[in-house]
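Right, one structure below, let's go through it.
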Amino acid sequence: MEQKTAAVSMRNITKSFGTTIANRQVSLDIRNGEILAILGENGSGKTTLMNMLSGIYFPDEGQIFVNGKEEVIRSPKDALNLGIGMVHQHFKLVDVLSATENIVLGLKEDGRLDLKAAAARIRSICEQYGFELNPEQKIYDMSVSQKQTVEIVKALYRSAGILILDEPTAVLTPQETDKLFAVLRNMRDDGKAVVIITHKLQEVKALSDRVAVLRKGEFVGEMVTADTSTQEMTNMMVGRQITLNIERPEPADPKPRIRVENLTVRDAEGSLRLDHVSFTAQSGEILGVAGISGCGQKELLEAIAGLQKAEEGSVSFVEDDGTSENLLGRDPLDIQKKGVVLSFVPEDRLGMGLVANMDLTDNFMLRSFRNGRPVFLDRKAPRKLAGQVVEELEVVTPGLSTPVRRLSGGNVQKVLVGREISLSPRVLLTAYAVRGLDINSSYMIYDLMNRQKEKGVAVIFVGEDLDVLLALSDRILVLCEGCVTGLLDARTTDKNEVGLLMTGAHTGREGGRANE
């Protein structure tokens, strides 16, 4: 493989947060005309390393060379002046402004800002690399993939020659991912240096030219993508051999457990979020829910869990003897008191799931308090439970008294999933249970899901990785703009069909539908 010139050379970069070392003596080259994938488990320091390059953090030790010259990057503005742009998982856009207004926001230009000229330049950038973007369109009117496009074009508009993308396909359909990859390849072929931080090994194989692996904050090696395998990459990330197969046991004696009929939900602004949704989730099975972010998955789970009011329809909990009870309109605590335990892992794990300033024990105690136990008297049971979750899910934490906000995102997610599953639910609702988790942690969670399934729990699993949904689920419910566009047998459908249903391109083949 032809050796490319280094756009960035990071040498002996070290960064600590208190007693936690995020990066230790990391040396890494990012080359022009190349797509570099950075892999590593949660807490391995991938995002921290790139945040230092993009000016969000400042290294404690080490040097950064850009195009051969040593530079000091103290802010994102410094990074942009050096041609370094980073697209984060959470976009930094102003909803009420247009694409053009967002792209030029904060730029100092001579004279009066000419939005028409800016829009023309944006169209030129889009044409050059293959983006699809309307410069006049408002952000609030855009899909997730369009918002991501605005962020990338914003960096290119500022003449970025080095582009870093953190988990760029996390909320994209397979078709949108293919489009993004085509654009990134065009950027690489134009001589730009592209870095992707991702957990999806199949995408690393499909897109990158070279892979760099971090483990526990240290650089452990790199390889040419074409010369390696997903198994080899996984072994290097984890430091040992792990199995990459997702088990899918056959459902044993499945029975209707949750029956949703004509469920219709509007948000606070009156917009329709769910439109007459009907399906049945069965005990002892995993029902996957596929859909583009914002298509109604969140509202669906919240309505079942008693956290979201419905305009019409019903959500019935069905007992083994066939008797049923409508859950709509009931308080979540009331639902629990009736013996119906709905475990909910929300998208916003620190916003809705855990209290950031509380330690692990206190966060487990929150559940005890909801169950009516004396919160100030009994800390032993929650502490024991927290200890079990930390041990079983290999949560990296200095101790049980560590505030949750000091844990990495992946470890926060493990705590949340572990706490919900520890309730021994009859119905387990999970939204993005493995979002941001490394491969080893993700497989632990898949194993936990299967164990719940084997106990007869009805698992409803909202996921963003279609490969995982297809491998883990028994059936897949597909939502598009709040409507059900398909209910498929996960064993016989494929990723392309699910992707088309997610965009409303068609409404499923008869043979691919699973029985209600």
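A short reminder: the numbers here are calculations on the coordinates, not readings from a lab. Predicted model only: the values in this text are computed from it and were never measured. Here the Cβ positions follow ideal geometry from the backbone for every residue, glycine too, while neighbour counts run over all protein chains shown.
Compared with the dominant Cα axis of the chain, that is its longest principal axis, helix 144-157 is turned about 10°.
Considering only Phe17, Ile421, Val277, and ranking their Cα positions along the charge dipole of the chain that arises from unit charges at the beta-carbon of Lys, Arg, Asp and Glu, the one farthest toward the positive end is Phe17.
Once Rg and the Kirkwood radius are both taken over the C-alpha atoms of the stretch 243-304, their ratio Rg/Rh works out to 1.08.
Each of Lys453, Lys495 was scored by other Cβ atoms within 10 Å of its Cβ. Listed from fewest to most, they are Lys495, Lys453. Between the listed residues Phe65, Ser145, Met233, the Cα displaced farthest toward the positive end of the dipole of the chain, a dipole computed from Cβ unit charges relative to the Cα centre, is found at Phe65. Ordering 93-106, 226-239 by mean Cβ neighbour count within 10 Å, with the highest value first, yields 93-106, 226-239.
Of all lysines in the structure, the ones whose alpha carbon falls short of 24 Å from that of Lys255, not counting any fewer than 8 places away in one chain, are Lys337, Lys338, Lys453, Lys455.
Straightening the chain between Thr14 and Ala471 buys 160.6 nm, computed as 0.36 nm per residue apart minus the Cα-Cα spacing. Look at the alpha carbon pairs under 8 Å that are at least 6 residues apart: their mean separation over the length of the stretch 180-328 gives a relative contact order of 16 percent. Rounded to the nearest 10 degrees, the inclination of helix 439-454 to the longest alpha-carbon principal axis of the chain is 10 degrees. Using the Cα centre as the reference, give the magnitude of the dipole from point charges on the C-beta atoms of the stretch 3-116 (Lys, Arg: +1; Asp, Glu: -1; all else neutral), rounded to the nearest 20 debye. For this selection, approximately 120 debye. In this rough spin-label picture, where each label sits 7 Å from Cα along the Cβ direction, the Asp95-Val224 distance is 4.9 nm.
Checking (i) 25.8; (ii) 24.4; (iii) 32.5 against the coordinates, the calculated Kirkwood radius over Cα pairs in Å falls under label (ii).
Projecting the Cα atoms of Val96, Pro256, Val315 onto the charge dipole of the chain (Cβ charges, centred on the Cα centre) puts Val96 farthest toward the positive pole.
Peptide packing for 62-74, 136-148, 45-57 was compared via the average number of neighbouring C-beta atoms within 10 Å per residue; ordered from the highest value, the list is 45-57, 136-148, 62-74.
Compared with the dominant principal axis of the Cα atoms in the chain, helix 115-129 is inclined by about 80°. Let me know the shape class of the stretch 155-300, please: from the alpha-carbon gyration tensor, a ≥ b ≥ c as square roots of the eigenvalues, rounded when a/c is under 1.5, otherwise prolate if a/b is greater than b/c, or oblate. In terms of gyration-tensor shape, oblate.
Evaluated with a Cβ-only charge set (Lys, Arg +1; Asp, Glu -1), the chain carries a dipole of roughly 1320 debye about its Cα centre, given to the nearest 20.
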